[in-house]
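Peer 1: I'd like to ask you about the structure that follows.
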Amino acid sequence: MSIKIVMVCLGNICRSPLAEGILASKLPENQFVVESAGTGNWHVGCAPDKRSVSIANKYGIDISKQRAAHFTPDLFEKYDYIFVMDRSNFNNVVNLSSNSKHHEKVFYILDSLYPDQKAEVPDPYYDDLTAFDAVFQMLDQSCSILAKKLIAKHSR
Ligand code: 4NP
């Protein structure tokens with residue numbers, strides 16, 4: 001059985017699609033499934049923001065076929081790990097959890113890079129391409145560490 005991971009942001013069109021593509025590129029696909037969702041439902045079914053697609057492309061990752069999904073409470077059972085981008089995502093997701101087992105699946109994505117700091121991936125939606133590039137870099141660095149940890153933990 002695959003380990004199932006979901007990346008969560010607000011709109012599921014800027015940050016979490018990048019996080020999904022980046023982490024998936026670092027994990028063996030026969031063992032891990034990486035997906036993403038948004039705590040808001042405005043963009044459900046939409047492709048990622050063109051700027052996220054463009055930045056991912058710049059670094060050799062294709063996220064253009066992803067489609068936005070809404071984070072709903074049933075997903076606590078579907079996924080083994082839930083990674084959020086910022087404090088507001090964290091609070092939104094935890095507020096949907098109904099028990100400690102679910103709550104304990106929720107982590108800040110930058111925790112691998114900055115342990116215990118609850119560091120946030122800034123929302124680049126109202127910003128320019130430079131901000132999207134910065135988001136890519138921080139996600140890439142954290143996901144490199146995270147992927148190593150996940151592979152070590154779930155190696156068989
Ligand atoms: P994301 O960015 O949470 O990184 O996908 C956003 C995208 C859209 C909106 C907010 C944040 N929005 O309000 O539509």
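Peer 1: Would you be able to tell me the number of residues in region 130-142 that are surrounded by 14 or more Cβ atoms within 10 Å (Cβ to Cβ) and closer than 13 Å to Arg15 by Cα?
Peer 2: Summing the residues that are surrounded by 14 or more Cβ atoms within 10 Å (Cβ to Cβ) and closer than 13 Å to Arg15 by Cα in region 130-142 gives 9.
Peer 1: Further question on the same structure: In region 54-112, which residue that is of a type in the set (Asp, Glu) and touching a strand residue (DSSP E or B) at 6+ places or on another chain (Cβ under 8 Å) is farthest from Val33 (Cα to Cα)?
Peer 2: So the first thing to find is which residues in region 54-112 are of a type in the set (Asp, Glu), and the list is 62, 74, 77, 80, 86, 104, 111.
Still in the running and touching a strand residue (DSSP E or B) at 6+ places or on another chain (Cβ under 8 Å): 80, 86.
Details: Asp80: 10, Asp86: 22 Å.
Out of the qualifying residues, it is Asp86.
Peer 1: Please find, within region 28-86, the residue that is nearest to Leu110 (Cα to Cα) out of those that are away from the ligand (no atom under 13 Å from the Cβ) and among the β-branched types (Val, Ile, Thr).
Peer 2: Ile82
Peer 1: Do we find that Leu10 is in contact (Cβ under 8 Å) with a residue 40 or more places away in the chain, within 14 Å of the ligand (Cβ to nearest atom) and surrounded by fewer than 24 Cβ atoms within 10 Å (Cβ to Cβ) in this structure? Talk me through it step by step, then tell me what you get.
Peer 2: Numbers: in contact (Cβ under 8 Å) with a residue 40 or more places away in the chain: yes; within 14 Å of the ligand (Cβ to nearest atom): yes; surrounded by fewer than 24 Cβ atoms within 10 Å (Cβ to Cβ): yes.
In short, yes.
Peer 1: Any residue in region 57-76 that is among the polar types (S, T, N, Q) sitting within a Cβ distance under 6 Å of a residue that is not in a loop (DSSP other than H, G, I, E, B)? List the pairs, counting only those 6 or more apart or interchain.
Peer 2: Note: pairs meeting the criteria are Ser64/Val53; Gln66/Pro17.
Peer 1: Would it be correct to say that Ser112 is free of Cβ contacts under 8 Å to residues at least 40 places away in the same chain and under 15 Å from the mean Cα position of the chain (by Cα)? Don't jump to the end; show me each part of the working.
Peer 2: Numbers: free of Cβ contacts under 8 Å to residues at least 40 places away in the same chain: yes; under 15 Å from the mean Cα position of the chain (by Cα): yes.
Yes.
Peer 1: Out of everything in region 134-153 that is within 14 Å of Leu27 (Cα to Cα) and in contact (Cβ under 8 Å) with a residue 40 or more places away in the chain, what residue ends up being nearest to the chain's Cα centre (by Cα)?
Peer 2: Here the answer is Cys143.
Peer 1: Hand me the list of helices (runs of 4 or more DSSP H) wholly inside region 25-111 holding 3 or more residues that are over 22 Å from Leu146 (Cβ atoms).
Peer 2: Numbers: elements: 50-58, 75-78, 87-96, 100-103.
Here the list reads 50-58.
Peer 1: How many residues does region 14-52 hold that are without any contact (Cβ under 8 Å) to a residue 60 or more places away in the chain and under 15 Å from the mean Cα position of the chain (by Cα)?
Peer 2: 14
Peer 1: Looking only at region 112-156, count how many residues are in contact with a helix residue (DSSP H, G or I) (Cβ under 9 Å, 6 or more places away or on another chain), within 16 Å of the ligand (Cβ to nearest atom) and part of a helix (DSSP H, G or I).
Peer 2: 11
Rule-based calculations on the coordinates, nothing more; no lab input. Treat the numbers as computed from the prediction; the structure is a model and nothing was measured. Because the Cβ atoms are built from the backbone with ideal geometry, glycine has one as well, and the counts that use them run over all protein chains shown.
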